[in-house]
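The values are calculated or read from the model by the stated rules, or taken from the named source; none is laboratory data. In this text, all values refer to a predicted model and were calculated from it rather than measured experimentally. Glycine also receives a Cβ, built like all others from the backbone with ideal geometry; neighbour counts cover every protein chain displayed. Note: areas computed on protein heavy atoms with side chains; ligands, DNA, RNA excluded. Shrake-Rupley method; radii C 1.70, N 1.55, O 1.52, S 1.80 Å.
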Amino acid sequence: MLTARAPKSPQRTCLVTRRKGTPETMIRFVLSPDGVVVPDVRRKLPGRGVWVEASAERIAEAVKKRVFSRGFKAQVEAPDTLPEQVGHLLRRAALERLAFAHKAGLVTAGFEKVRAEVAAGRIRGLVFASDAAVDGRRKVEALAKKAFDLHNKLDVVDVFDSAELERTLGRERVVHAALAPGRLAELFILDASRLRVYHFGGTQSDTHSDQPDELRFAGPIAI
(Lines give C-alpha, C1' and ligand atoms only; values in the text may rest on other atoms or scores of the structure.)
Protein backbone atom coordinates (compact mmCIF):
# COMPACT_ATOMS: atom_id res chain seq x y z
CA MET A 1 0.00 0.00 0.00
CA LEU A 2 1.40 3.38 -1.02
CA THR A 3 1.45 6.20 1.48
CA ALA A 4 1.25 9.85 0.48
CA ARG A 5 4.42 11.84 1.00
CA ALA A 6 4.25 15.00 3.04
CA PRO A 7 4.56 18.04 0.75
CA LYS A 8 7.98 19.67 0.83
CA SER A 9 8.21 23.17 2.18
CA PRO A 10 8.89 25.72 -0.58
CA GLN A 11 12.41 27.08 -0.89
CA ARG A 12 13.50 30.69 -1.13
CA THR A 13 16.91 32.15 -1.98
CA CYS A 14 18.60 34.72 0.25
CA LEU A 15 19.62 37.86 -1.65
CA VAL A 16 22.85 38.13 0.33
CA THR A 17 24.21 34.61 0.72
CA ARG A 18 22.37 32.96 -2.22
CA ARG A 19 21.63 30.07 0.11
CA LYS A 20 18.25 28.42 -0.14
CA GLY A 21 15.95 27.94 2.84
CA THR A 22 12.32 27.72 3.86
CA PRO A 23 10.27 30.91 4.18
CA GLU A 24 10.24 30.39 7.96
CA THR A 25 14.01 30.94 8.10
CA MET A 26 13.91 34.18 6.11
CA ILE A 27 12.33 37.62 6.06
CA ARG A 28 10.26 38.67 3.06
CA PHE A 29 10.47 42.23 1.73
CA VAL A 30 8.20 44.07 -0.70
CA LEU A 31 8.24 47.52 -2.26
CA SER A 32 6.01 50.40 -1.20
CA PRO A 33 4.36 52.46 -3.99
CA ASP A 34 7.17 55.02 -3.69
CA GLY A 35 9.95 52.44 -4.05
CA VAL A 36 10.93 51.93 -0.40
CA VAL A 37 11.81 48.44 0.85
CA VAL A 38 9.23 47.27 3.41
CA PRO A 39 9.55 44.21 5.71
CA ASP A 40 6.74 41.65 5.51
CA VAL A 41 7.38 39.48 8.57
CA ARG A 42 4.00 37.70 8.28
CA ARG A 43 4.43 37.14 4.54
CA LYS A 44 1.00 38.57 3.73
CA LEU A 45 1.65 41.86 1.92
CA PRO A 46 0.78 41.98 -1.77
CA GLY A 47 3.32 42.36 -4.53
CA ARG A 48 6.53 40.69 -5.59
CA GLY A 49 8.76 39.78 -2.69
CA VAL A 50 12.46 39.16 -2.16
CA TRP A 51 14.03 37.26 0.73
CA VAL A 52 16.91 37.65 3.18
CA GLU A 53 17.94 35.23 5.91
CA ALA A 54 16.23 36.10 9.21
CA SER A 55 19.26 37.71 10.82
CA ALA A 56 19.84 41.33 11.75
CA GLU A 57 23.41 40.94 10.50
CA ARG A 58 22.32 39.65 7.09
CA ILE A 59 19.74 42.40 6.61
CA ALA A 60 22.30 45.06 7.53
CA GLU A 61 24.61 43.50 4.96
CA ALA A 62 21.83 43.59 2.36
CA VAL A 63 21.38 47.32 2.96
CA LYS A 64 25.10 48.03 2.86
CA LYS A 65 25.68 46.09 -0.36
CA ARG A 66 22.54 47.49 -2.03
CA VAL A 67 21.34 44.04 -3.01
CA PHE A 68 17.67 45.00 -2.81
CA SER A 69 17.98 46.93 -6.07
CA ARG A 70 19.33 43.79 -7.69
CA GLY A 71 16.57 41.67 -6.24
CA PHE A 72 13.79 44.00 -7.34
CA LYS A 73 15.53 44.82 -10.63
CA ALA A 74 15.06 48.52 -9.99
CA GLN A 75 16.58 51.37 -8.04
CA VAL A 76 14.98 51.16 -4.62
CA GLU A 77 15.46 52.81 -1.24
CA ALA A 78 16.56 50.52 1.60
CA PRO A 79 16.89 52.61 4.79
CA ASP A 80 19.80 52.02 7.15
CA THR A 81 17.25 51.40 9.90
CA LEU A 82 15.83 48.34 8.14
CA PRO A 83 17.37 45.79 10.57
CA GLU A 84 15.87 47.68 13.50
CA GLN A 85 12.49 47.88 11.75
CA VAL A 86 12.43 44.12 11.25
CA GLY A 87 13.44 43.50 14.86
CA HIS A 88 10.69 45.80 16.07
CA LEU A 89 8.07 44.08 13.91
CA LEU A 90 9.13 40.62 15.05
CA ARG A 91 9.00 41.75 18.68
CA ARG A 92 5.58 43.35 18.31
CA ALA A 93 4.20 40.30 16.51
CA ALA A 94 5.38 37.97 19.27
CA LEU A 95 3.92 40.16 22.02
CA GLU A 96 0.62 40.33 20.17
CA ARG A 97 0.57 36.53 20.16
CA LEU A 98 1.21 36.54 23.91
CA ALA A 99 -1.68 38.95 24.43
CA PHE A 100 -4.01 36.66 22.46
CA ALA A 101 -2.80 33.65 24.44
CA HIS A 102 -3.49 35.56 27.66
CA LYS A 103 -7.03 36.43 26.55
CA ALA A 104 -7.55 32.74 25.79
CA GLY A 105 -6.62 31.86 29.37
CA LEU A 106 -3.32 30.18 28.47
CA VAL A 107 -1.00 32.43 30.51
CA THR A 108 -0.44 32.27 34.27
CA ALA A 109 1.71 34.98 35.85
CA GLY A 110 3.23 35.32 39.30
CA PHE A 111 5.96 33.27 40.96
CA GLU A 112 3.79 31.14 43.24
CA LYS A 113 1.09 30.55 40.64
CA VAL A 114 3.71 29.54 38.08
CA ARG A 115 5.30 27.13 40.55
CA ALA A 116 1.89 25.57 41.19
CA GLU A 117 1.21 25.11 37.47
CA VAL A 118 4.65 23.57 36.94
CA ALA A 119 4.25 21.19 39.86
CA ALA A 120 0.87 20.11 38.49
CA GLY A 121 2.38 19.43 35.06
CA ARG A 122 -0.09 21.69 33.29
CA ILE A 123 2.31 23.80 31.25
CA ARG A 124 3.71 23.90 27.72
CA GLY A 125 6.39 26.51 28.28
CA LEU A 126 7.83 29.13 30.61
CA VAL A 127 8.33 32.87 30.20
CA PHE A 128 11.01 34.71 32.19
CA ALA A 129 11.59 38.45 32.01
CA SER A 130 15.05 39.15 30.63
CA ASP A 131 15.71 41.28 33.72
CA ALA A 132 14.36 38.72 36.20
CA ALA A 133 16.46 37.77 39.22
CA VAL A 134 18.62 34.74 38.52
CA ASP A 135 17.73 32.90 41.72
CA GLY A 136 13.97 33.06 41.06
CA ARG A 137 14.41 31.74 37.55
CA ARG A 138 16.63 28.91 38.74
CA LYS A 139 14.05 27.81 41.29
CA VAL A 140 11.31 27.57 38.67
CA GLU A 141 13.58 25.81 36.17
CA ALA A 142 14.72 23.31 38.79
CA LEU A 143 11.12 22.47 39.60
CA ALA A 144 10.31 22.16 35.88
CA LYS A 145 13.16 19.74 35.31
CA LYS A 146 11.81 17.53 38.07
CA ALA A 147 8.27 17.65 36.75
CA PHE A 148 9.11 16.96 33.09
CA ASP A 149 11.44 14.23 31.86
CA LEU A 150 13.95 14.57 29.02
CA HIS A 151 11.39 13.39 26.47
CA ASN A 152 8.93 16.12 27.36
CA LYS A 153 11.03 19.29 27.34
CA LEU A 154 9.60 22.71 28.02
CA ASP A 155 10.20 25.72 25.82
CA VAL A 156 11.54 28.82 27.51
CA VAL A 157 11.07 32.41 26.35
CA ASP A 158 13.34 35.05 27.87
CA VAL A 159 13.67 37.79 25.25
CA PHE A 160 11.21 40.32 26.74
CA ASP A 161 11.82 42.50 29.79
CA SER A 162 9.38 42.82 32.67
CA ALA A 163 8.00 46.16 31.42
CA GLU A 164 7.05 44.59 28.07
CA LEU A 165 5.41 41.64 29.80
CA GLU A 166 3.53 43.93 32.17
CA ARG A 167 2.13 46.03 29.32
CA THR A 168 1.17 42.95 27.33
CA LEU A 169 -0.52 41.09 30.19
CA GLY A 170 -2.03 44.18 31.80
CA ARG A 171 -0.65 43.59 35.28
CA GLU A 172 2.25 44.74 37.44
CA ARG A 173 5.45 42.91 38.35
CA VAL A 174 5.49 40.19 35.70
CA VAL A 175 8.81 38.36 35.80
CA HIS A 176 7.62 34.74 35.58
CA ALA A 177 4.79 33.26 33.54
CA ALA A 178 3.63 29.80 32.51
CA LEU A 179 2.06 28.86 29.18
CA ALA A 180 -0.67 26.24 29.10
CA PRO A 181 -0.87 23.91 26.08
CA GLY A 182 -2.74 25.44 23.17
CA ARG A 183 -2.38 26.70 19.63
CA LEU A 184 -1.82 30.33 20.64
CA ALA A 185 0.88 29.31 23.08
CA GLU A 186 2.64 27.40 20.30
CA LEU A 187 2.44 30.41 18.01
CA PHE A 188 3.91 32.68 20.68
CA ILE A 189 6.77 30.28 21.44
CA LEU A 190 7.70 30.04 17.77
CA ASP A 191 7.51 33.81 17.22
CA ALA A 192 9.67 34.45 20.28
CA SER A 193 12.18 31.88 19.06
CA ARG A 194 12.35 33.61 15.71
CA LEU A 195 13.04 36.90 17.44
CA ARG A 196 15.86 35.37 19.49
CA VAL A 197 17.51 33.86 16.42
CA TYR A 198 17.16 37.16 14.57
CA HIS A 199 19.08 39.09 17.21
CA PHE A 200 21.44 36.49 18.68
CA GLY A 201 21.93 33.91 15.95
CA GLY A 202 21.59 30.17 16.15
CA THR A 203 20.19 27.44 13.98
CA GLN A 204 16.72 27.83 12.57
CA SER A 205 15.51 24.25 12.37
CA ASP A 206 12.57 22.93 10.43
CA THR A 207 11.44 20.66 13.24
CA HIS A 208 7.88 21.91 12.91
CA SER A 209 7.58 21.05 9.21
CA ASP A 210 4.48 18.96 9.85
CA GLN A 211 2.61 21.98 11.20
CA PRO A 212 0.57 24.54 9.25
CA ASP A 213 2.62 27.25 7.54
CA GLU A 214 1.65 29.92 10.08
CA LEU A 215 3.09 27.78 12.90
CA ARG A 216 6.46 27.08 11.36
CA PHE A 217 9.09 29.59 12.44
CA ALA A 218 12.46 29.12 14.11
CA GLY A 219 12.90 26.13 16.38
CA PRO A 220 12.20 26.93 20.03
CA ILE A 221 14.72 26.80 22.85
CA ALA A 222 14.19 24.07 25.43
CA ILE A 223 15.43 23.45 28.95
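Just give me the residues in the range 173-202 being more than 23 Å from residue 115 (Cβ to Cβ), open to solvent by 50 Å² or more (accessible area, probe 1.4 Å) and part of a loop (DSSP other than H, G, I, E, B), in sequence order.
Result: 202, single match.
Among the numbered criteria (1) under 20 Å from residue 197 (Cβ atoms); (2) crowded, with 19+ Cβ neighbours inside 10 Å, which one does residue 71 miss?
Evaluating residue 71 over (1) under 20 Å from residue 197 (Cβ atoms); (2) crowded, with 19+ Cβ neighbours inside 10 Å leaves (1) as the failure.
Anything in the range 69-114 that is aliphatic (A, V, I, L, M) and in a helix (DSSP H, G or I)? List them, or say none.
Those that are aliphatic (A, V, I, L, M) and in a helix (DSSP H, G or I): 82, 86, 89, 90, 93, 94, 95, 98, 99, 101, 114.
Kindly indicate whether any position in the range 132-143 is open to solvent by 90 Å² or more (accessible area, probe 1.4 Å), of a type outside the set (Gly, Ala, Ser), within 21 Å of the chain's Cα centre (by Cα) and at negative phi.
So far as the range 132-143 goes, no, none of its residues is open to solvent by 90 Å² or more (accessible area, probe 1.4 Å), of a type outside the set (Gly, Ala, Ser), within 21 Å of the chain's Cα centre (by Cα) and at negative phi.
Conditions (1) surrounded by fewer than 20 Cβ atoms within 10 Å (Cβ to Cβ); (2) within 21 Å of the chain's Cα centre (by Cα), marked per residue:
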| site | (1), (2) |
| --- | --- |
| 56 | yes, yes |
| 61 | yes, no |
| 64 | yes, no |
| 80 | yes, no |
| 83 | no, yes |
| 93 | yes, yes |
| 101 | no, yes |
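Does residue 147 count as of a type outside the set (S, T, N, Q), under 18 Å from residue 181 (Cβ atoms) and out of contact with any Lys or Arg (no Cβ under 9 Å at 6 or more places or on another chain)?
When the stated conditions are applied, residue 147 passes them.
Restricting the search to the range 8-56, which residues are more than 24 Å from residue 97 (Cα to Cα), in contact (Cβ under 8 Å) with a residue 12 or more places away in the chain, assigned to a loop (DSSP other than H, G, I, E, B) and among the basic types (Lys, Arg)?
Result: 19, 48.
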